[in-house]
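**Student:** Quick one: the structure is below, and I'll ask about it shortly.
The values are calculated or read from the model by the stated rules, or taken from the named source; none is laboratory data. Computed from a predicted structure; not experimentally measured. Cβ atoms come from the backbone with ideal geometry, glycine included; neighbour counts cover every protein chain shown.
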Amino acid sequence: MSFKENFESNLNAEIQAYNNKQTTADKEICNLIAATIDRSLTKAESKIWHAHPVWFLEGNPVVGYSKQKAGLRLMFWSGADFEEEELHVRGKKFKDASVFTRQLNRSIQKTLPAG
């Protein structure tokens with residue numbers, strides 16, 4: 001079984017459907033993000049929440065991504081505490097932080113937790 005077949009068979013079906021609706025370039029980025037999160041957060045539950053892929057630990061949202069005009073947004077709830085230069089604080093209530101990308105690059109892989 002190829003990586004793509006193995007990845008798609010293990011990914012939440014709703015999230016795979018979300019990824020499949022993206023452009024070819026964005027789908028590649030979404031699949032990389034989803035695979036990295038799944039590999040890193042093995043105890044997380046994943047689902048579509050507020051129309052976007054989100055991973056939860058013990059019922060709390062931890063990380064998710066969405067397609068927006070600025071590109072793909074990778075968001076971490078409580079991410080303001082990470083002290084990562086590439087994350088931009090967006091909210092005050094949840095201390096969330098995000099990074100946007102328009103292309104597949106190393107910054108995504110550096111931002112995500114190591115697997």
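**Student:** I need the full set of residues from segment 28-81 which are touching an Asp or Glu at 6+ places or on another chain (Cβ under 8 Å), without any contact (Cβ under 8 Å) to a residue 24 or more places away in the chain and under 14 Å from Ala97 (Cα atoms), in order please.
**Tutor:** Passing the criteria: Met75, Phe76, Trp77, Ser78, Gly79, Ala80.
**Student:** Tell me whether segment 58-65 contains one or more residues that are at pLDDT below 85, loosely packed, with under 14 Cβ neighbours inside 10 Å and either out of contact with any Leu (no Cβ under 7 Å at 6 or more places or on another chain) or of a type outside the set (Phe, Trp, Tyr) (or both).
**Tutor:** Residues of segment 58-65 at pLDDT below 85: none.
Within segment 58-65 (the criterion being at pLDDT below 85, loosely packed, with under 14 Cβ neighbours inside 10 Å and either out of contact with any Leu (no Cβ under 7 Å at 6 or more places or on another chain) or of a type outside the set (Phe, Trp, Tyr) (or both)), the answer is no, since none of the residues qualifies.
**Student:** Could you figure out which of (1) at pLDDT 90 or above; (2) touching a helix residue (DSSP H, G or I) at 6+ places or on another chain (Cβ under 7 Å) isn't true of Ser40?
**Tutor:** (2)
**Student:** Just need a number here: residues in segment 88-115 that are under 18 Å from Ala34 (Cα atoms), surrounded by fewer than 19 Cβ atoms within 10 Å (Cβ to Cβ) and at pLDDT 70 or above.
**Tutor:** Quick first cut of segment 88-115, residues under 18 Å from Ala34 (Cα atoms) only: 97-115.
Imposing the further condition that a residue be surrounded by fewer than 19 Cβ atoms within 10 Å (Cβ to Cβ) reduces the set to 100, 102-107, 109-110, 113-115.
Among the residues that remain, those that are also at pLDDT 70 or above are: 100.
So the answer is 1.
**Student:** Can you tell me which residues in segment 66-84 are more than 19 Å from Lys47 (Cβ to Cβ) and buried (at least 18 other Cβ atoms within 10 Å of the Cβ)?
**Tutor:** Gly79, Ala80
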